[in-house]
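The values are calculated or read from the model by the stated rules, or taken from the named source; none is laboratory data. Predicted, not measured: the structure shown is a model, and the values here were computed from it. With ideal geometry, Cβ positions are generated from the backbone for all residues, glycine too; neighbour counts draw on all protein chains shown.
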Amino acid sequence: MILPIVGISALQFWLNGMITSITDQYAFDRRKLTALPEDYGFRPSEEMVRLLSERFGLTFPVCLRAPSASKRISSGYICSSVRRQGIPERSFIRLDSGFGISDGGSGQCQIYVACPELCFLSAAVKNTLYQQIRLGYDLCAIYAENPSSQYGQHSRQPLTSVGNIRDYLDNVTGFNGLRRSQAAAKYILDRSNSAKETQVAMYSILPFHLGGYALKTPSLNAFAALSPEGCRLTGHQSLMCDLIWPEDKVIAEYDSNLTHLSADQHRTDKSRATALALSGYQLFSITADNLRSFDRLEATFSALRKMLNMRSRDPELNKYRKKRLELFSFFHTW
């Protein structure tokens, strides 16, 4: 028996921070993509689907791929679809374990999950462009949301990369969500480490007509090389920074006001800032308050634009003020 998880259920599997011990095994740099068999046993019982839900945190109805239209099942606990034309054959990952889910006889079920790139493409059918961009950041992130952890998240391996998403979309034809996915993929960056970093990155790189500030494209959570003085001060050759524009030697750091509470952390931050300044970097701090008020947001990114030596674009900023308000509203309702 094969149970191929697709759609929103596959997204729930990949983004569930409670099972990163499983999903980290299938990060994009260590996974093996495969195709589903041409035909396969598909008679999932309610008990099987209930166990799938419990193991991976999936909500009902669980979305599965049926081998043919005649074998589709629809009920309160399962919905099934058939193969969509135009997507690459190698769009699934086979899990190494059946996780104790029996096929009703003596064998274990084989569990397949739609790859993150297929999940991204499928979600575009219902997502807005902003939602689709944000989803791309989540799939390429180095964190997972986890309400049980101290700060509501913990580290994880990236599920995919911007390059993988774009390459995958290049091999898709005639799919309803393709154009929106391609549009969104232009504005995704690898290695976001929090929802707020994603927010800052989207404000930074989205063009004016999409509500952004059209800054140069930074790298997220990349390393800034330190000068000899900086190395002596910190004991490190480089430091990881939230957003960095290496050519301009500008670093923007998001200060959540949550992680900088202890005296030791305060000293570390001061030492870090000094080392970066000694190494020729300009530091720009963005706080939660800067993102809560639209007026403060405008002032923040105006100042960041000047630090990046980008000329004023007041006519375009004025023209697309409503779009920035729309993006601001999106971030306050996600």
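Brief remarks on what is shown
- Annotation: of all residues in segment 1-44 being crowded, with 16+ Cβ neighbours inside 10 Å and of a type in the set (Gly, Ala, Ser), the one that is farthest from residue 143 (Cα to Cα) is 41.
- Qualifying residue in segment 132-152 (condition: part of a helix (DSSP H, G or I), more than 14 Å from the chain's Cα centre (by Cα) and at pLDDT 95 or above): no
- Residue check for residue 117: of a type outside the set (A, V, I, L, M, F, W, C) and at pLDDT 95 or above: yes
- Of all residue pairs spaced 6 or more apart or on separate chains, none has beta-carbon atoms under 6 Å together with a first member in segment 1-23 that is without any contact (Cβ under 8 Å) to a residue 40 or more places away in the chain and a second member that is surrounded by fewer than 21 Cβ atoms within 10 Å (Cβ to Cβ).
- Residue satisfying condition, being surrounded by fewer than 22 Cβ atoms within 10 Å (Cβ to Cβ), touching a residue at least 60 places away in the same chain (Cβ under 8 Å), outside the structural domain of residue 206 (by TED's automatic domain parsing) and closer than 26 Å to residue 200 by Cα, within set 129, 139: 129
- Listed by first and then second residue, the pairs linking a residue in segment 306-334 that is in a helix (DSSP H, G or I) to a residue that is of a type in the set (Val, Ile, Thr) and at pLDDT 95 or above, with Cβ atoms under 7 Å apart and 6 or more places separating them unless they lie on different chains, are 307/250.
- As for segment 77-95, it holds no residue that is free of Cβ contacts under 8 Å to residues at least 12 places away in the same chain and not acidic (Asp, Glu).
- Residues that are among the small types (Gly, Ala, Ser) and part of a loop (DSSP other than H, G, I, E, B) were ranked within segment 180-227; the one that is nearest to the chain's Cα centre (by Cα) is 192.
- For segment 46-66, the criterion of a residue being without any contact (Cβ under 8 Å) to a residue 12 or more places away in the chain, surrounded by fewer than 21 Cβ atoms within 10 Å (Cβ to Cβ) and either under 21 Å from residue 172 (Cα atoms) or not polar (S, T, N, Q) (or both) is satisfied by at least one position.
- Top-ranked residue in segment 277-334 [being crowded, with 18+ Cβ neighbours inside 10 Å and among the β-branched types (Val, Ile, Thr); ranked as farthest from residue 244 (Cα to Cα)]: 300
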